[in-house]
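Notes follow the structure.
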Amino acid sequence: MYKLIKVDGGVCTAEGFYADGISAGLKPNKAKDMAFVYSDTLCEIATAFTTNKMTAAPIRHFKAKGEFQTNFVLINSKNANAMTGKAGIEDIEEILATLPEEVHNPVMSSTGVIGVRLPKEKIIAGARLFDLKKRDGSSAAAAIMTTDTFSKQIAYRVELEDGSSFHIGAMAKGAGMINPAMATMLCFITTDAKVDKDEMQNILTENVKTTFNAASVDGDTSTNDTVMLLSNAKSKVYHRRAFTEALYKIMRFLAREMVRDGEGATKLVTYEVSGAKDDAEAEIVAKALTNSLLVKTALYGEDPNWGRIASTIGASGADADEEKLRIAFEDVCVYDRGTLYFDAVMEQKAGEIMKREAFTIYCDLGIGDGKFTAFGCDLGYEYVKINADYRT
């Protein structure tokens, strides 16, 4: 037996981890724009990266290092360092070479505008302001934000039956360019659990499938998507089932928070697809629904236009049949295996559900046992405003 206890602290919750955010002048008005995560001992690393072929320089730099341990991650916002060629990697190496001697095998992660060289001088000067003894997870979480309207962090203490414990904490950023093709965001997770590197990687990879890969805001996959899990093993404690569950809860929470904070979004919508031929086809349907512009605009207008849902399911490529399909907004069924229930009363009830900030749409394909749950949001005018002048 074990207990999962939610605690404060974010990425600084685990023993031996430090973090903070500072202003280096990358953002206007002295807003925080650079952060670090530091461990006083070396860490094993597990990762998941973008599937975008135009991979940003920080990810290419990381992958070129091969197998290694680190104790430091430098994160900057406002500039993605993507589509910057060899110069982008050289800029990273020059910046990391200026870090203090306590830092070993450092890595970098970036988010922001694509196609612009890093402002090296500002970043190097900003890194000199880092205090490696600061433990301010909230400050770090704020510094990595771009178009986010709120910071995203969470942590758990895992207590085992024998009285021992370990911790997992995390922070993430993401509100736009969110598409279920590995994470379209940045997420940094720290733990003092004594977990084997290969096992940690396997657990992270499995959890990504049903958390970050199940989230979509706008159907665009970023060049910089990164999930990084660091373990310094300082607790000397590990329990596989408890670790897996705590990590899943953290990643699911952050995935939903990013969708809830989607650029211009007013609603967090869960699509629970069941009855598909298999899980893979259920995933196809769920993700098609999260990305459909017609569905997303209907959500924004609070219009229970279930025909758009049915049409998207039919166009997804998954096995589907209108005589077997069932669609419900929460507990309000509007269509059931060829029978229409969408009269004036049911339309009003479904419309009331759509006024909520969060709700679930259930789609039972009635064909097999496949199931998948995805997270999406609506699409409104504000999304266009944000992205029309993103560079300015």
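Summed over qualifying helices (DSSP H, 4 residues or more, each -39500 (n - 2.57)) and divided by its residue number, the chain shows a 222 nm mean residue ellipticity of -9000 deg cm²/dmol.
When only the Cβ of Lys, Arg, Asp and Glu is charged (+1, +1, -1, -1), the dipole of the stretch 95-162 relative to its Cα centre reaches about 480 debye. Once the Cα-Cα distance is subtracted from the 0.36 nm per residue extended length, the LYS194 to LYS209 segment shows a gain of 3.0 nm. Grouping the Cα pair distances of the chain into 10 Å bins from zero gives a pair-distance distribution of 5, 23, 30, 23, 14, 5, 1, 0 percent in increasing distance order. For the stretch 254-289, backbone nitrogen atoms closer than 18 Å to the point 7 Å from ASP321 Cα along Cα-to-C-beta are found at 274-279, 281-282.
Between helix 240-260 and the chain there is an angle of about 70 degrees, using the helix long axis and the longest principal axis of the Cα atoms. Applying 0.36 nm per residue to the separation of ALA125 and SER164 and subtracting their alpha-carbon distance, the gain on full extension is 9.9 nm.
For the stretch 1-144, taking the reciprocal of the average inverse distance between every pair of different Cα atoms yields a Kirkwood hydrodynamic radius of 15.7 Å.
Across the chain, the relative contact order, built from alpha-carbon pairs under 8 Å that are at least six residues apart, equals 18 percent.
If both residues of a DSSP beta bridge must be in the chain, then about 75% of such bridges are antiparallel.
Distant-in-sequence amide contacts of SER164, defined by a placed amide H-H separation under 5 Å and a gap of 5 or more residues or a different chain, comprise nothing. Calculated on C-alpha atoms, the gyration radius of the stretch 71-192 divided by its Kirkwood radius gives an Rg/Rh of 1.01.
Of interest is the spacing of the C-alpha centroids, which for the stretch 1-63 and the stretch 228-288 amounts to 18 Å.
Maximal additional length on extending the ASN29-ARG356 stretch stands at 114.2 nm, based on 0.36 nm per residue less the C-alpha distance.
The Stokes-Einstein estimate for the stretch 327-385, based on a Kirkwood radius over Cα pairs and taken at 4 °C with 1.567 mPa s viscosity, is a diffusion coefficient of 97 µm²/s. For the stretch 73-124, with all protein chains in place and a probe radius of 1.4 Å, 51% of the accessible heavy-atom surface sits on carbon or sulfur. Per the Kirkwood formula applied to alpha carbons, the stretch 265-377 shows a radius of gyration over Rh ratio, Rg over Rh, of 0.93.
The values are calculated or read from the model by the stated rules, or taken from the named source; none is laboratory data. Since we're looking at a predicted model, the values are computed, not measured. Every residue, glycine among them, receives a Cβ derived from its backbone with ideal geometry; neighbour counts consider all protein chains shown. Please note that ligands, DNA and RNA were not included when accessible areas were found on the heavy atoms of the full protein model with its side chains. Shrake-Rupley method; radii C 1.70, N 1.55, O 1.52, S 1.80 Å.
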